[in-house]
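Working notes, beginning with the structure itself.
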Ligand SMILES: [Zn+2]
Ligand SMILES: [Zn+2]
């Protein structure tokens, strides 16, 4: 207890985060036990959760923080209004913190630096003010956007009005129309689509700063702690492919493979087909594969060196097989590197072939892991 810096507690944020969590944990089970399950309340919860989370991932994150596409007014307005309902501060503050995170990832100036542990990266950085206030000199582009500045000024009013008052009013009206006690409906709206949804959305967003820097694989780079995890992608509306994202932060996609779960990417793509967003930024396939091949080669060479240290037995024989695969990959890597730097368009067939060879090498690496 003596290590908790009480003099540096951010009391307003801490009271909000802890108060909403306690209200949801105690209030929702009691409400469901006394009143039962009403599908309208759950529909409202899922609508609000999806709208809030998508506004953070598509709006706050990919649009405003990374400028990974351009959006028309309705998309900006929707994501700023429902983003406010997440109670994760204004878009301007959020983007400033997030740009600092990318610039200084895993270092002191990173607001949610994972090297300080899970608790700090997840929520500690909000509960305590240990670092000086950021200068916010990295969001001058967003300051020119009138809608962003309007949201910055009224963020808590918008969040409270749309994120809490409206679910309360809808719960009241629904029960009234059904001939039930309207105040029970209002309480349900407050607890389920209001408070509980805020808590769930917040922790799902916080996972991106905590678990997404701890759990999963690093297929594109090990120069930072960010990781790719399908499980985290599920909880974060696609943001779980965080290793890719830190490597290629301006890409509108996080789950770049066709089978990866990235509803935020699908939403942006759909909006582009409807003409509501444009200028979607994509990293060329060759550059993505080059990063994957480079990382696979680096891991294989390290592993090979460890295996070579044991001159006799099965490790030695396995090392010869692995060596051959690494040589093949190296040749492909250099060819691809040259093609990327000369901006030569490679056929899908060639890229797929090299991708397959990289996968075979990674499989062999896992198979021989016991020898190292
Ligand atoms: Zn990150
Ligand atoms: Zn980012």
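The values are calculated or read from the model by the stated rules, or taken from the named source; none is laboratory data. Only a predicted model underlies this, so the values are computations on that prediction, with no experimental measurement involved. When we count neighbours, we look across all protein chains shown, and the Cβ atoms used for this are built from the backbone with ideal geometry, even at glycine.
Here are some notes:
- Checking each residue in region 301-320 for being under 40 Å from the mean Cα position of the chain (by Cα) and modelled with pLDDT under 75 picks out only 315.
- With respect to the conditions (1) buried (at least 20 other Cβ atoms within 10 Å of the Cβ); (2) under 24 Å from residue 160 (Cβ atoms); (3) more than 16 Å from ligand 1 (Cβ to nearest atom), residue 71 lacks only one, and its number is (2).
- Candidates 291, 233: the one that is outside the structural domain of residue 70 (by TED's automatic domain parsing) and under 22 Å from residue 214 (Cα atoms) is 291.
- Exclusive hit being within 21 Å of residue 257 (Cα to Cα) and modelled with pLDDT of 80 or more, set 353, 334, 323: 353
- Filter pass, residue 234 being away from ligand 2 (no atom under 16 Å from the Cβ), at pLDDT 95 or above and under 18 Å from the mean Cα position of the chain (by Cα): yes
- Set 222, 184: member being over 30 Å from residue 31 (Cα atoms) and away from ligand 2 (no atom under 14 Å from the Cβ): 222
- Of all residues in region 232-250, those that are away from ligand 1 (no atom under 14 Å from the Cβ) and within 23 Å of residue 290 (Cβ to Cβ) total 1.
- Considering residues of region 326-347 that are part of a helix (DSSP H, G or I) and without any contact (Cβ under 8 Å) to a residue 12 or more places away in the chain only, the residue nearest to the chain's Cα centre (by Cα): 341
- Taken over region 120-163, the criterion of being free of Cβ contacts under 8 Å to residues at least 24 places away in the same chain, more than 16 Å from residue 94 (Cβ to Cβ) and either touching a helix residue (DSSP H, G or I) at 6+ places or on another chain (Cβ under 7 Å) or not in a loop (DSSP other than H, G, I, E, B) (or both) is satisfied by 120, 124, 146, 157, 160, 161.
- Every residue from region 215-231 that is more than 11 Å from ligand 1 (Cβ to nearest atom), more than 15 Å from residue 103 (Cα to Cα) and in contact with a helix residue (DSSP H, G or I) (Cβ under 9 Å, 6 or more places away or on another chain): 215, 216, 217, 218, 219, 220, 221, 222, 228, 229, 231
- Count - residues of region 105-118 that are under 17 Å from the mean Cα position of the chain (by Cα) and either within 13 Å of ligand 2 (Cβ to nearest atom) or touching a residue at least 40 places away in the same chain (Cβ under 8 Å) (or both): 7
- Residues of region 176-214 classified as within 30 Å of residue 244 (Cβ to Cβ) and either surrounded by fewer than 17 Cβ atoms within 10 Å (Cβ to Cβ) or within 12 Å of ligand 1 (Cβ to nearest atom) (or both), total: 11
- Test: residue in region 164-174 that is part of a helix (DSSP H, G or I), surrounded by 13 or more Cβ atoms within 10 Å (Cβ to Cβ), within 24 Å of the chain's Cα centre (by Cα) and at negative phi: no
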